[in-house]
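Here's the structure, in structure tokens; my notes come after.
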Amino acid sequence: MTMSKTSTSTVDEKSTATVDESFGGPVPTAVRCGDDFLVIQRAWPHERQPGDAGATLTVEGRDEQGRLRAGRLELTQGGATSSPGPVWQVRAAQITPPGSDPKLAGLAAAAEGHTVVVHRFGKRAVIARTADYVKVVRAGRGPSVAEQARRGRELSQASGFAAPEVLTEAADQVSFGILAGQSLHEVGAHAPLEQWTATWQLWGHHWQVLTGLHAPDLAPHTPEDEVRVLQRWIGLAEEFGALPPRVLAGLRARADRVCAVLLGGEAQAPVVSHRDLHDKQILADGASLGLLDFDTAALAEPALDLANLWVHAGLRADQHLWSHEHAEVAREAIMGLADQLDVEPERFETYAAATRLRLACLYAFRPAHRDLALAWADEVV
């Protein structure tokens with residue numbers, strides 16, 4: 001792999017096109033930086049300070065050779081237009097060379113000759129190799145990532161899920177064994193409904209066991225924590241004008257009602273929770289299931305994980321990745337387990353509403369899914 005300096009330049013006018021003609025969102029569909037051209041798939045907004053004229057995004061996308069790469073965009077607001085929100089333009093861009101990152105010193109060596117499958121600029125990257133997966137993080141974070149992953153694996157195995165083994169660790173990276181199977185995200189696109197139903201029944205059995213495990217060492221994730229997460233994404237959407245003002249106003253009002261119920265309602269006793277449970281985190285391999293990224297394990301209300309997974313099942317149907325029948329099978333299994341765990345319907349609905357509002361804001365920063373974000377954000381709840 002030929003390494004070069006990270007590209008930094010002022011972006012030409014063609015790469016500053018807004019996401020759609022009716023509203024100038026903060027994330028361009030693509031950016032050119034010198035000889036580099038990146039089609040943006042995901043973006044993460046940086047916090048803005050009061051009075052800031054510009055803004056910063058970190059981005060992940062594909063270059064003209066299909067390689068996953070990361071970058072950083074400095075934005076500035078354009079002149080007055082008929083758009084109902086601010087029109088952002090890219091003032092300067094930084095795109096990393098393939099398999100490289102100025103803040104992840106170990107990435108180049110780990111990625112040499114292999115495929116980068118996740119790259120969040122300056123924070124972490126994941127490389128798929130023949131015998132393992134390597135997660136590269138900032139210097140000093142490797143041991144804590146490994147420790148959390150080992151604990152997550154213990155909990156997964158105790159409940160019947162397979163989980164990746166930690167093979168090696170260093171100050172800035174952790175190597176994981178390869179877990180067999182396909183994610184339910186992929187399986188849901190083609191599985192026969194009978195097989196799909198059996199998979200979700202098996203998931204429900206294992207998940208019920210997981211929620212019954214005794215793990216007092218886990219950190220709590222409270223309703224107050226969930227409110228902070230939602231409010232942060234609402235705030236970022238507002239600061240960046242990621243959605244039209246009218247839509248943002250309605251979204252804020254709904255979020256305020258949801259937060260009031262989360263904080264004012266009666267919380268259910270916390271259980272072992274994944275805290276980021278969705279269909280890409282669950283692998284199916286024949287008659288067995290595996291669980292990924294369980295280093296976020298916490299003690300939380302059972303509705304947290306179940307509602308997050310339930311909303312993602314609906315998301316896959318809205319994205320036309322799963323049929324409505326496949327999404328309904330998953331949702332019925334999740335609701336069935338919620339009943340078995342005595343989750344109050346109102347509590348479930350509140351966590352589901354919080355998830356949907358958060359995802360509307362998150363997907364507003366993903367150009368390919370902007371229409372979906374607008375539809376979810378503008379719905380009546």
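The values are calculated or read from the model by the stated rules, or taken from the named source; none is laboratory data. Nothing here was measured: the structure is a model prediction, and the numbers come from that model. Cβ: placed from backbone, ideal geometry, glycine included. Neighbour counts: every protein chain shown. We work out accessible area using only protein heavy atoms, side chains counted, and drop any ligands, DNA or RNA first. Shrake-Rupley method; radii C 1.70, N 1.55, O 1.52, S 1.80 Å.
Looking for whichever is free of Cβ contacts under 8 Å to residues at least 12 places away in the same chain, over 19 Å from A163 (Cα atoms) and open to solvent by 10 Å² or more (accessible area, probe 1.4 Å) here; the options are A139, A109, A105. Which one fits?
Testing whether each residue is free of Cβ contacts under 8 Å to residues at least 12 places away in the same chain, over 19 Å from A163 (Cα atoms) and open to solvent by 10 Å² or more (accessible area, probe 1.4 Å) leaves just A109.
Can you confirm whether segment 317-326 contains a residue that is part of a loop (DSSP other than H, G, I, E, B), of a type in the set (F, W, Y) and modelled with pLDDT of 95 or more?
yes
Just a yes or no: is a residue in segment 118-126 charged (D, E, K, R), in contact with a Lys or Arg (Cβ under 8 Å, 6 or more places away or on another chain) and not in a helix (DSSP H, G or I)? Working first, answer last.
Here is the first cut: in segment 118-126, the residues charged (D, E, K, R) are 120, 123-124.
Checking which are in contact with a Lys or Arg (Cβ under 8 Å, 6 or more places away or on another chain) leaves us with 123-124.
Restricting the remaining residues to those that are not in a helix (DSSP H, G or I) gives 123-124.
Scanning segment 118-126, I find at least one residue that is charged (D, E, K, R), in contact with a Lys or Arg (Cβ under 8 Å, 6 or more places away or on another chain) and not in a helix (DSSP H, G or I), so the answer is yes.
Just to check your reading of the model, which residue among Q49, Q41, Q65 is open to solvent by 70 Å² or more (accessible area, probe 1.4 Å), within 23 Å of D371 (Cα to Cα) and not β-branched (V, I, T)? Give the steps one after another, and end with the answer.
Details: Q49 fails: within 23 Å of D371 (Cα to Cα); Q65 fails: within 23 Å of D371 (Cα to Cα).
None of the others qualify; the one that does is Q41.
Within segment 357-374, work out how many residues are at pLDDT 95 or above and open to solvent by 60 Å² or more (accessible area, probe 1.4 Å).
Residues flagged as at pLDDT 95 or above and open to solvent by 60 Å² or more (accessible area, probe 1.4 Å) within segment 357-374 amount to 0.
Hey, can you tell me all the residues within segment 172-202 that are assigned to a loop (DSSP other than H, G, I, E, B) and either of a type in the set (S, T, Y) or more than 25 Å from the chain's Cα centre (by Cα) (or both)? Show your work before the answer.
Initially, segment 172-202 is screened for residues assigned to a loop (DSSP other than H, G, I, E, B), giving 172, 177-181, 188-192.
Of everything in segment 172-202, just one residue is assigned to a loop (DSSP other than H, G, I, E, B) and either of a type in the set (S, T, Y) or more than 25 Å from the chain's Cα centre (by Cα) (or both), namely P192.
Using the structure shown, decide if H206 is in a helix (DSSP H, G or I), under 24 Å from the mean Cα position of the chain (by Cα) and farther than 26 Å from A360 by Cβ.
Yes; evaluated as a whole, the condition is true for this residue.
Exactly one of these conditions fails for L236: (1) of a type outside the set (D, E); (2) in contact with a helix residue (DSSP H, G or I) (Cβ under 7 Å, 6 or more places away or on another chain); (3) under 14 Å from L299 (Cα atoms). Give me its number.
For L236, the failing item is (3).
Return yes or no: is A55 modelled with pLDDT of 85 or more and under 30 Å from G113 (Cα atoms)?
On the way: modelled with pLDDT of 85 or more: yes; under 30 Å from G113 (Cα atoms): no.
Against the criterion (modelled with pLDDT of 85 or more and under 30 Å from G113 (Cα atoms)), A55 does not qualify.
Does A330 qualify as being loosely packed, with under 14 Cβ neighbours inside 10 Å and farther than 17 Å from S156 by Cβ?
In short, no.
Which residues, taken from segment 142-162, are in a loop (DSSP other than H, G, I, E, B), open to solvent by less than 10 Å² (accessible area, probe 1.4 Å) and not aromatic (F, W, Y)?
Once the filter is applied, which keeps residues that are in a loop (DSSP other than H, G, I, E, B), open to solvent by less than 10 Å² (accessible area, probe 1.4 Å) and not aromatic (F, W, Y), segment 142-162 yields only S159.
Take segment 186-212 and flag every residue that is open to solvent by 40 Å² or more (accessible area, probe 1.4 Å) and either under 13 Å from Q281 (Cβ atoms) or in contact with a Pro (Cβ under 9 Å, 6 or more places away or on another chain) (or both).
Matches in segment 186-212: E186 only.
Suppose the filter is of a type in the set (S, T, Y) and surrounded by fewer than 17 Cβ atoms within 10 Å (Cβ to Cβ); does S288 pass it?
Details: of a type in the set (S, T, Y): yes; surrounded by fewer than 17 Cβ atoms within 10 Å (Cβ to Cβ): yes.
Against the criterion (of a type in the set (S, T, Y) and surrounded by fewer than 17 Cβ atoms within 10 Å (Cβ to Cβ)), S288 qualifies.
Across segment 301-327, what is the number of residues that are open to solvent by less than 40 Å² (accessible area, probe 1.4 Å) and over 18 Å from A191 (Cα atoms)?
Summing the residues that are open to solvent by less than 40 Å² (accessible area, probe 1.4 Å) and over 18 Å from A191 (Cα atoms) in segment 301-327 gives 10.
Across segment 335-356, what is the total count of residues that are without any contact (Cβ under 8 Å) to a residue 60 or more places away in the chain and surrounded by 14 or more Cβ atoms within 10 Å (Cβ to Cβ)?
Residues in segment 335-356 being without any contact (Cβ under 8 Å) to a residue 60 or more places away in the chain and surrounded by 14 or more Cβ atoms within 10 Å (Cβ to Cβ): 7 in total.
Mind telling me which of the residues A125, A92, A110, A139 ends up being among the aliphatic types (A, V, I, L, M) and at pLDDT below 95?
A92
Considering segment 46-58 alone, what residues qualify as being in a strand (DSSP E or B) and closer than 19 Å to G78 by Cβ?
Within segment 46-58, G54, A55, T56, L57 meet the criteria.
Quick one: which residue in A298, A267, A253 is small (G, A, S) and crowded, with 19+ Cβ neighbours inside 10 Å?
Step by step, each of A298, A267, A253 is checked, and only A298 is small (G, A, S) and crowded, with 19+ Cβ neighbours inside 10 Å.
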